[in-house]
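Let me begin by presenting the structure, written as structure tokens, before commenting on it.
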Amino acid sequence: MKKGFLKLVLVISGFIIVNSSSAQMTDTIASICAKHFQEHFISDGQQYRALLMNTDEVAEFHVTLYGNTLYRIAACSGLQNGNLIFSLYDTDAKENLLFTNQDYKNASYWDFKVNSTLDCVIKAKLDVDGALSSGRAVVLIGFKQLK
């Protein structure tokens, strides 16, 4: 009876430790990504996260961008910049591609001026040719009001 209980406690402890270390790594990546908002951008308060197990997987994040606003989208995976490819699509125009950082050497952030409210999808995937990444995709969105 004691051996069975001990095994159960060890298994549960293992899951807790793995989950805790995974959360800490994702928090570290989010902290690295947040450094791109030091130029008077305010975070929207969300951390869009996904675990990408291979280079074929794509994470999708649905967002609404409001008019008369300047947005900064930052995307990170791993401890270095340039590991994550992100693309912004307009959902009202049947997923019309508005931007991809792949055209700009996987820039880790980009600024967008939005004139009218827009429903979008941000798709993120690991860069096959890039440096090693953690597989943890983190996308942050910051904004500042235009005058």
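General remarks:
- The condition (being in contact with an Asp or Glu (Cβ under 9 Å, 6 or more places away or on another chain) and of a type in the set (Asp, Glu)) is satisfied by just one residue among Asp90, Asp103, Asp56: Asp90.
- Answer from Ile42, Ile32, Ile85 - the residue that is exposed (fewer than 14 other Cβ atoms within 10 Å of the Cβ), modelled with pLDDT under 95 and on the phi < 0 side of the Ramachandran plot: Ile42
- Across region 56-77, the number of residues qualifying as more than 15 Å from the chain's Cα centre (by Cα) and within 26 Å of Val128 (Cβ to Cβ) comes to 1.
- Elements of the type strands (runs of 3 or more DSSP E) sitting completely within region 63-147 and holding at least 1 residues that are in contact (Cβ under 8 Å) with a residue 60 or more places away in the chain and under 25 Å from Met53 (Cα atoms): these cover 69-76, 109-114, 118-126, 136-145.
- Test: residue in region 50-62 that is modelled with pLDDT of 65 or more, among the polar types (S, T, N, Q) and either exposed (fewer than 10 other Cβ atoms within 10 Å of the Cβ) or more than 25 Å from Phe112 (Cα to Cα) (or both): yes
The values are calculated or read from the model by the stated rules, or taken from the named source; none is laboratory data. All values derive from a computational prediction rather than experimental measurement. No Cβ is skipped: glycine too gets one built from the backbone with ideal geometry, and neighbour counts run over all protein chains shown.
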